[in-house]
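Student: This is the structure, below, for whatever I ask next.
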Amino acid sequence: MTDSHLAQSARSARLQQLTQLATNQSTILVGVMILLTIVFSSLEPKFLSALTANNILTDWGSVALIAVGQTFVIISGGIDLSVGATIGLSGVVSAWTMANVLGVDQTIKGGEASGALLIGTLVSVAVGVLVGLTNAFLINRFKIVPFIATLSTMGAALGFSVIISKGAPIGSASNFALISAIDPKVNPFSWAVIVVIIVVVIVGLFLHKSRFGLYTYAIGSNSFAARAAGINVERHLTKVYVLSGALAGLAGMYVYLRLGAGSPSSGTGRELDAIAAVVIGGASLMGGVGRMLGTVLGALILFTVQSGLIMIGVAPDWKKVVVAVLIAAAVAVQTLQSKNRRTA
């Protein structure tokens, strides 16, 4: 092979690498984030500030947790509609436990509240695990499709949270320093957001670098082939829904820290945000496809758009419309990409 042929082959390889990088889902999402920042900053200069970034990250925190769990569920070929209601139920139960069992109230601040908040966090996660086990039981034992099974637990969780709280928020120990920015002028991160980032990184590595993640992709791609390969599909799906529930319970505590109370309505509609983040991030609702980085960026784009629209004067009531449009657009793009690959 001549030197000219070698040079041409090298150029073709570099061009192919650049094309793959440019069409990579994460690259596209980063580009969208940059474009959104430029647009909103030009329309409202205050958008480009640490305070705005803190507001976006604070909103992002709770949804990132449930979206991470939803990523596992959607990759496995299912869906979890109960995560929003689980946020409300876990927050209410943990607030009730701290107020009525531990005997603490809003007058307890700072370090005095740390023990109660730790116990409240464990209670929240336990509630989420219970909801996840219920979902898995309905899906595996009674063969109910995930959409209906999790829709049922969503209704039950909403009902129980209203019964326990009697329809009113339950306040107990709080520590707003955990949820407020460390230094609002220069550092938009709070301790709670940092913890969320750590959890997301750990769970993301679990998805992409462990056998658990490999099994999740295998089941979502072809559950029959996965079963033939020796994977216990029912047991693995139980773990997936328990993980989703546990992260929703942790999100319930996150929201509690932000509100200073457990409210039955604190997670209303959050399941739609989680699904939107996962789909915008490139996961397929058919299962077998998805990346954790895509989900994280999808959630960040979701709240960047919502915050930006509010700052330029769009009414907050339009937030859900924006979420619905983003979901439809993301699914439409996936469909077109799938058709292009088949015709190529």
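Student: Please work out how many pairs of lysine residues in the chain are eight or more positions apart (or on different chains) and have Cα atoms closer than 23 angstrom.
Tutor: For the chain, the number of qualifying lysine pairs is 4.
Student: Fewest Cβ neighbours within 10 Å first, please rank Thr86, Thr238, Thr27 accordingly.
Tutor: Thr27, Thr238, Thr86
Student: Let me ask something else about it. If one takes the longest principal axis of the Cα atoms in the chain, at what angle in degrees, from 0 to 90 and to the nearest 10, does the Cα axis of helix 211-221 lie?
Tutor: Helix 211-221 sits at roughly 70 degrees to that axis.
Student: Taking the Cα centre of the chain as the origin, how large is its charge dipole in debye, to the nearest 20, when only Lys and Arg (+1) and Asp and Glu (-1) carry charge on their Cβ atoms?
Tutor: My answer is approximately 840 debye.
Student: Further question on the same structure: Inverting the mean 1/r over all pairs of different Cα atoms, compute the Kirkwood radius of the range 196-344 and quote it in Å.
Tutor: For the range 196-344, the Kirkwood estimate is 17.3 Å.
Student: Residues with amide H under 5 Å of Ala283's amide H, sequence separation 5 or more or different chain, H placed in the peptide plane at 1.01 Å from N; which?
Tutor: Counting only residues 5 or more places away or on other chains, the set is Arg291.
Student: Non-local amide H neighbours of Leu81 (under 5 Å, H modeled in plane, Pro and chain starts lacking H): which ones?
Tutor: Under 5 Å from the amide H of Leu81: Thr150, Leu151.
Student: Based on the mean of other Cβ atoms within 10 Å per residue, sort peptides 249-258, 29-38 so the most packed one is first.
Tutor: Output ranking for 249-258, 29-38: 249-258, 29-38.
Student: Additional query: Return the Cα extents of the chain along principal axes one, two and three, sorted largest first, each rounded to a whole Å.
Tutor: Reported extents, whole Å, longest axis first: 82, 56, 34.
Student: I need the peptides 190-196, 316-322, 96-102 ranked by packing, meaning the mean over residues of other C-beta atoms within 10 angstrom, with the highest value on top.
Tutor: 190-196, 96-102, 316-322
Student: Between the helical axis of 83-96 and the dominant principal axis of the chain, each derived from Cα atoms, what acute angle in degrees is found, rounded to the nearest 10?
Tutor: 30 degrees
Student: Moving on. Could you pull out every residue, at least 5 positions away or on a different chain, whose amide H is within less than 5 Å of the one on Ser190? Hs are placed 1.01 Å off N in the peptide plane, and Pro or chain starts have none.
Tutor: Ile182
Only the coordinates and a few stated rules stand behind these numbers; no lab work does. Owing to the predicted nature of the structure, the values given are computational and were not obtained by experimental measurement. Because the Cβ atoms are built from the backbone with ideal geometry, glycine has one as well, and the counts that use them run over all protein chains shown.
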